[in-house]
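Trainee: Encoded as structure tokens, here's the structure I'll be asking about.
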Amino acid sequence: FRSVAGALFLVVGVVVALSLFFNINKIVVSGDAVYSHETVVKASGVSEGDNLIFLSKSKLNEKLSSELAYIGSVTVKRRLPSTLELVVKKTDAKLGVAMNGYFTLLDENGKVLEKDLETVGENIILVNLGEVESAELGKVIVLKENRALTKLNAVLDECKKVGINDISLMDLSDIYNIKLVYQGRITLELGETDSENLNSKLALGKAALDKQNEENNLY
């Protein structure tokens, strides 16, 4: 009984000590300056006087990434005894989805960055992902065909690997008949793809595009 009571007393003492001596008196925001210091701190919900030790890094990262759409991730660092540092990594608009007569911007992972836009900027790939069930700011778009996002990420990754850089449109409304439009003028029909044949199909497509560009003196 004495051993158990002593252990409990020690645990309580440690918890009390941590709660008393490691309270935040300074919050530092570093990394990509996509939002102001004040905006990041306010969205974090963290205040001076909050306990530094008991802060949940994962929940804080999730909250900031959701509240501020252009934040891709946040690394939370505890600088003992009383400084909290939030290292911000931004995410960029990569994809545009047409919805209800307007455009929704997504990053390459399908996270919703902006909605209800009349136009999209340069270097944005227009994508058809089929039926959209929900598109909330700061959250990943939800599709009726949830495999479309997985296919999208796979195609984007393989396009980078083989060097296809000028895709203007991707149609994944039918994941068994994927189509890409290159520079708004050439359509690549990939059909059904898997991890084994996707690279080889895109490599063949890249060779055909290179030949076409060479013949038309587009290099």
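The values are calculated or read from the model by the stated rules, or taken from the named source; none is laboratory data. In this text the structure is predicted, and so the values were computed from the model without any measurement. Cβ sites come from the backbone with ideal geometry, for glycine too, and all protein chains shown count toward neighbours. SASA here: full protein model, heavy atoms, side chains in, ligands and nucleic acids out. Shrake-Rupley method; radii C 1.70, N 1.55, O 1.52, S 1.80 Å.
Trainee: Using helices alone, what [θ] at 222 nm do you get for the chain, with -39,500 (n - 2.57) per DSSP H run of 4 or more residues, divided over all residues and rounded to the nearest 500?
Mentor: For the chain, the value works out to -11000 deg cm²/dmol.
Trainee: Over region 100-175, give the accessible area per residue in Å² for a 1.4 Å probe, as an integer.
Mentor: Heavy-atom SASA per residue in region 100-175 reads 55 Å².
Trainee: State the Cα centre-to-centre distance between region 170-204 and region 44-122 in whole Å.
Mentor: First find each Cα centre; the distance between them is then 31 Å.
Trainee: Could you tell me how many cubic angstrom of Cα convex hull volume the chain has per residue?
Mentor: Considering the Cα atoms of the chain, their hull volume per residue is 185 Å³.
Trainee: To continue, here is another question. Which percent of the accessible heavy-atom area of the chain goes to carbon and sulfur, probe 1.4 angstrom?
Mentor: 51
Trainee: State the number of lysine pairs found in region 135-205 whose Cα atoms come within less than 19 Å, restricting to pairs 8 or more positions apart or on distinct chains.
Mentor: 11
Trainee: Under a straight-distance cross-link criterion of Cα-Cα below 19 Å, which aspartates and glutamates are reachable from Lys59, leaving out those fewer than 8 residues away in the same chain?
Mentor: Glu48, Asp50, Glu67, Glu85, Glu136
Trainee: Placing +1 on the Cβ of each Lys and Arg and -1 on the Cβ of each Asp and Glu in the chain, which of Gly191, Met170, Leu156 has its Cα farthest towards the positive end of the resulting dipole?
Mentor: Leu156
Trainee: With every protein chain kept in the model, how would you rank Val40, Val28 by accessible area, 1.4 Å probe, largest at the top?
Mentor: Solvent-accessible surface, decreasing: Val28, Val40.
Trainee: Can you tell me the relative contact order of region 72-118? Whole percent, Cα pairs under 8 Å, sequence separation 6 or more.
Mentor: 25
Trainee: What figure, in Å² to the nearest 10, do you get for the accessible area of Val162 with a 1.4 Å probe and non-protein molecules left out?
Mentor: 30
Trainee: In addition: For region 138-219, run through the GluC sites (Glu not before Pro) and keep only the ones in DSSP coil with at most 10 other Cβ atoms within 10 Å of their Cβ.
Mentor: Glu196
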